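Worksheet: one structure, shown below.
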Amino acid sequence: MMIIDKMKNLPYITNQEQAVVDYILKNPRALLTLTISELAKASYTSTSTIVRLCKKLEVKGYADLKFLYAKEYAEIEKQYFPLRQPFEASTSIDEIIEILPLIYHRTIDQTKSMLSRNTIIRVTNLMKQAKRIEIYGTAIHYDLAKMMAFRFESVDKDCFVYNTAHWEHLKYLEYKKIPTLAILISSTGKNPAILDAARFLKQSGVKTLSISSTDNNKLASMTDESVQILNLKNDLELKTIAFGMAVQYILDVCISSLMVYQMDDIDKITESLKGARERWNLK
């Protein structure tokens, strides 16, 4: 098992150790260069916490952790086509047909490597509890949000899409006490309309999930849960495509997890009804 997978699936982990893991997952390049003291400062923990985490990961120490991580990171980078300016004026149609699947593959793989199992479980539970899902996005992210709304409706969740937050609407949700999960999408995490929406939602007590890039951004700190995607250093058009694919993948993982929960609930109800029918027949 890769060291990154071990980090995401440690069975017994303290809040401080989880903070270190979360920082590494959200800043995948950081571990390659940071000293143990710098990592402790960046994750608001301590060097002793990182030492304990190393022991749980069954590595000899921080230097060994960095070595193993760097080895794996290089391997991931080596396997996939580099996303920096893959097209030029002379690129043929056949080359585009070959290159795009590599970009898709790498985008999904990098997003997968950054997902925290515990975060997905928490987000899925929020979706399960919510009677209403709202997705906030602007420009192209608004179109992406509309597409994802259909996926939520396929699992019997009322889903609504907005490009900004309206105070009167949020007051209505608060008054009616409708359990709601709001998902805010911003590739930069700095979009003013989305930041305003996050602020209003928080003031109204609505549970929130943000999906943004790994660059330092305000949005991630304003929401109850956040999933951050590696900020790809390519031209704007491909960057937009890659971010959209990553968002779809993240929400599909959560929606599929929700679907499994629902199937389990149906199985339990079916077994309960079966047992009741057998008792009635006995009478």
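Throughout, read-outs are computed from the coordinates displayed, never taken from laboratory work. Computed from a predicted model, the values in this text were never measured in an experiment. Cβ sites come from the backbone with ideal geometry, for glycine too, and all protein chains shown count toward neighbours.
Annotations
- Computed E for SER154/GLU174 - FRET, C-beta separation, R0 45 angstrom, nearest 0.05: 0.95
- With the simple model of a label 7 Å out from the Cα in the direction of the Cβ, ALA30 to LYS55 spans 2.4 nm.
- Length, then width, then depth: along the principal axes, the Cα atoms of region 3-79 run 34, 25, 23 Å.
- Annotation note: trypsin sites (Lys or Arg not before Pro) in region 16-70 located in DSSP loop regions with a Cβ neighbour count of at most 15 within 10 Å are ARG29, LYS60.
- Residue exposure sequence - TYR23, TYR136 - by fewest surrounding Cβ within 10 Å: TYR23, TYR136
- Amide H within-cut-off set for LEU184, under 5 Å, with H built and near neighbours excluded: TYR136, LEU209, SER210, ILE211
- Note on ASN118/ILE96: beta-carbon distance plugged into 1/(1 + (r/R0)^6) with R0 of 35 Å gives a FRET efficiency of 0.35.
- Pairwise FRET efficiency - ILE108 versus LYS71, Cβ, R0 = 22 Å, nearest 0.05: 0.50
- For region 105-195, trypsin sites (Lys or Arg not before Pro) meeting the loop criterion (DSSP other than H, G, I, E, B) and having at most 14 other Cβ atoms within 10 Å: LYS131, LYS177.
- Counting 0.36 nm for each residue step from MET1 to ASP143 and taking away their Cα separation leaves a gain of 47.3 nm.
- Sorted from longest to shortest, the spans of the Cα atoms of region 114-188 along the three principal axes equal 37, 29, 24 Å.
- Computed log₁₀ I(q)/I(0) - Debye formula, equal Cα scatterers, no solvent, region 117-267, q 0.18, 0.19 Å⁻¹: -1.06, -1.18
- Cβ-based exposure ranking for SER186, SER92, SER204, SER37, in which fewest neighbours within 10 Å come first: SER92, SER37, SER204, SER186
- Alpha-carbon centroid distance for the pair region 170-228 / region 30-62, whole angstrom: 30 Å
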